[in-house]
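*Asks:* What follows is a single structure, and I will ask about it in a moment.
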Amino acid sequence: MTGSVDNRNGKARCSVVSCCLLLASVLFGTPALADERAERRKLNCARYQQMVSEAESRVEGQGLSTGLVANNLAFIEAGCLSNVKACPVSASDFEFVNLLTMMTISANMGSTFLPFGCPARSAPSE
């Protein structure tokens, strides 16, 4: 039949067009997503800094260990992108960390945003 269309060629053309569109969206869509993530990180970092001030006033900043305060400040100064961990050691530290954790979760920032963590301890030898 002279007026018929070969279906296989139509599918192949569709496949090539789909691949080209997918490639274009990956190449040109990625910077927009990266910019959006960077903006969200900046906003969350600014919010976190405010939360830290509020938590310090609630805990009254008394009894917070200097290491926790210094490492938390280093995290903020690095735009909340630092891998430095702030390790709570005192009762006040834990109260502060728990309060900040609840505040960030309530703000829909998640607990993984926080810089809190302690080095692994080795098991005591017997």
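The values are calculated or read from the model by the stated rules, or taken from the named source; none is laboratory data. Being a predicted model, the structure only gives us computed values, none of them experimental. Every residue, glycine as well, gets a Cβ built from its backbone with ideal geometry; the counts of neighbours run over all protein chains shown.
*Asks:* Considering every residue within region 29-48, establish whether at least one is at pLDDT 85 or above, in contact with a helix residue (DSSP H, G or I) (Cβ under 8 Å, 6 or more places away or on another chain), of a type outside the set (S, T, N, Q) and part of a helix (DSSP H, G or I).
*Replies:* Yes: one or more hits.
*Asks:* Same structure, new question: Condition (residue is part of a helix (DSSP H, G or I), farther than 19 Å from residue 44 by Cα and at pLDDT 95 or above) applied to region 84-92: is it met by at least one residue?
*Replies:* no
*Asks:* Is it the case that residue 26 is assigned to a helix (DSSP H, G or I), modelled with pLDDT of 75 or more and exposed (fewer than 11 other Cβ atoms within 10 Å of the Cβ)?
*Replies:* Values: assigned to a helix (DSSP H, G or I): yes; modelled with pLDDT of 75 or more: no; exposed (fewer than 11 other Cβ atoms within 10 Å of the Cβ): yes.
So residue 26 does not fit the description; no.
*Asks:* Then there's this: Have a look at 74, 123 and point out the one that is modelled with pLDDT of 95 or more and surrounded by fewer than 17 Cβ atoms within 10 Å (Cβ to Cβ).
*Replies:* Checking each option against the conditions leaves just 74.
*Asks:* Among the numbered criteria (1) small (Gly, Ala, Ser); (2) touching a residue at least 40 places away in the same chain (Cβ under 8 Å); (3) within 11 Å of residue 115 (Cα to Cα), which single criterion is violated by residue 82?
*Replies:* (2)
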